[in-house]
Amino acid sequence: MQVAIFDFDGTIYKKETFQLMMNHLKHHPTMEGYDAFYRSIVPIYAAYKIKLYPESWMKAHLMKKYLQTFAGMSDKEIFHFFAEVKDEVMHELNEQVVERLEEHAANDVYTMVVSGAFTSFLNATIADLPFDRRIGTEIPFKNSILPKRFPLKHMQGKQKTTAIHEALKHRKVDWENSYAYGDSFSDIEFMHLVGNPVAVDPDERLQLHAKHNGWEVIQQKEREKVQ
């Protein structure tokens, strides 16, 4: 079995979902708590900017602070909140990468998206895309309610690779003839699982790595500027 693994932010989706979720919370007509949330993340971001902590630490803590805004809400309520931005997400998809996804699906390749975004967010916004499996950061509901205090395991870096292997552990995968799409050097580990890695609008480190290893590179942003 061949697989095609896709990162989400910057790969399938052109932008960053965290910024989208922040804006949605800020301007939502009924949700409260944005000001308190924003105040709580300023010291986290500041600590990252002065290099006290790595980017992975910063992202994990920002995600948890964001989720704390929804404490006491049900899984259905949070799903509905995310679903409200579905049209905006679908409007900002990377068309060339979506074409690759649809091509893989048509050829019976097992397709997966693996993202740091909340799994509920992925389920609410991109259910129409032909993914066989959507893997993201799981929201730790208890009896279908998000408690006030909770642990959060942010899906990033090596955790993505672990999640991929766990999802495929009962399947015989032809890794050499499989595909992986990512935009960041942090995606490098799962991209090395396959024989056909593709860098999508890569950051500088991934660009250099892709060039050194002869990987395919998709430059969607440059084409848009030319047009």
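The values are calculated or read from the model by the stated rules, or taken from the named source; none is laboratory data. Note that the structure is a prediction, hence the values are computed from the model and not measured. Glycine also receives a Cβ, built like all others from the backbone with ideal geometry; neighbour counts cover every protein chain displayed.
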Q: Need at least 2 residues that are among the acidic types (D, E) per element, so show me which helices (runs of 4 or more DSSP H) inside the stretch 1-101 make the cut, counting only ones lying wholly within it.
A: 75-83, 86-91
(Q) Looking only at helices (runs of 4 or more DSSP H) that lie completely in the stretch 154-227, which have at least 1 residues being of a type in the set (K, R)? (A) 158-167, 204-213, 220-226
(Q) within 21 Å of the chain's Cα centre (by Cα), surrounded by 12 or more Cβ atoms within 10 Å (Cβ to Cβ) and among the basic types (K, R): is that true of K14 in this structure? (A) yes
Q) Within the stretch 125-141, can you find the residues that are closer than 24 Å to A106 by Cβ, loosely packed, with under 15 Cβ neighbours inside 10 Å and touching a Leu at 6+ places or on another chain (Cβ under 9 Å)? A) P130
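The rows are residues; the columns are (1) crowded, with 18+ Cβ neighbours inside 10 Å; (2) under 22 Å from K142 (Cβ atoms); (3) modelled with pLDDT of 95 or more.
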{"site": "Y48", "(1), (2), (3)": "yes, no, no"}
{"site": "P54", "(1), (2), (3)": "no, no, no"}
{"site": "W57", "(1), (2), (3)": "no, no, no"}
{"site": "A60", "(1), (2), (3)": "yes, yes, no"}
{"site": "Y66", "(1), (2), (3)": "yes, yes, yes"}
{"site": "I78", "(1), (2), (3)": "yes, yes, yes"}
{"site": "K86", "(1), (2), (3)": "no, no, yes"}
{"site": "A106", "(1), (2), (3)": "no, no, yes"}
Q: Pairs only if they're at least six apart or on different chains, beta carbon under 9 angstrom, first in the stretch 155-183 and under 21 Å from V217 (Cβ atoms), second among the hydroxyl-bearing types (S, T, Y); list them, first residue then second.
A: K160/S115; K160/S186; S178/Y110; Y181/T11; G182/T11; D183/T11
Q. Going through the stretch 142-174 one residue at a time, which ones are over 21 Å from the mean Cα position of the chain (by Cα), within 18 Å of M112 (Cα to Cα) and surrounded by fewer than 15 Cβ atoms within 10 Å (Cβ to Cβ)?
A. K169, H170, R171, K172, D174
Q) Looking only at the stretch 136-153, which residues are out of contact with any Phe, Trp or Tyr (no Cβ under 9 Å at 6 or more places or on another chain) and assigned to a loop (DSSP other than H, G, I, E, B)? A) N143, S144, K148, R149, P151, L152, K153
